[in-house]
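The values are calculated or read from the model by the stated rules, or taken from the named source; none is laboratory data. If you're wondering where the values come from, they're calculated on a predicted model, not measured in any experiment. Note that each Cβ is placed from the backbone with ideal geometry, even for glycine, and that neighbours are counted across all protein chains shown.
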Amino acid sequence: MSLLTRLATGALAFRSVLSRSLSTETAAPLRTVVVPSPRGQFNNPEVFLKTIGRGCDKFTDKFADWDQLFRTNSLAMKTAGIGAKQRKWILMWTNKFRLGIDPYFIPTSKKHTMKRTERLARSKRRRLNKMNKRK
């Protein structure tokens, strides 16, 4: 490739970048939020949050109506005082409801309910018991 063609293609590339950056067109509009209509027993936020569980029923006062439950984003929930785990859980279930899946209760795993300090204390007791058995 000769120097002249490289300069010509470079100038075209620069001109296209310049024209894109100086464009008067506005950015694409934000995605609209789809609020599904209530179906079955799920006709208000209280029933919805109580059904999904995981302590989300404590936050029924944060959502005035059905539309607000489905329009509220994570940042708005955070400023309302809803914790990260519950925010993720609520957002996951609202998305599933939009896709046509009715919420149901999923119990938490028993495996990960023990706190770190309790696990350390249990392992220490087991080590001491093994040492006592050896003596």
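Yes/no matrix, rows are residues, columns are (1) within 20 Å of residue 32 (Cα to Cα); (2) at pLDDT below 90; (3) surrounded by 10 or more Cβ atoms within 10 Å (Cβ to Cβ):
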| site | (1), (2), (3) |
| --- | --- |
| 56 | no, no, yes |
| 63 | yes, no, yes |
| 70 | yes, no, yes |
| 77 | yes, no, yes |
| 86 | no, no, yes |
| 95 | yes, no, yes |
| 100 | yes, no, no |
| 119 | no, yes, yes |
| 130 | no, yes, no |
| Which ranges mark the helices (runs of 4 or more DSSP H) fully within region 26-100 that have 1 or more residues being more than 14 Å from the chain's Cα centre (by Cα) and touching a residue at least 60 places away in the same chain (Cβ under 8 Å)? | 84-98
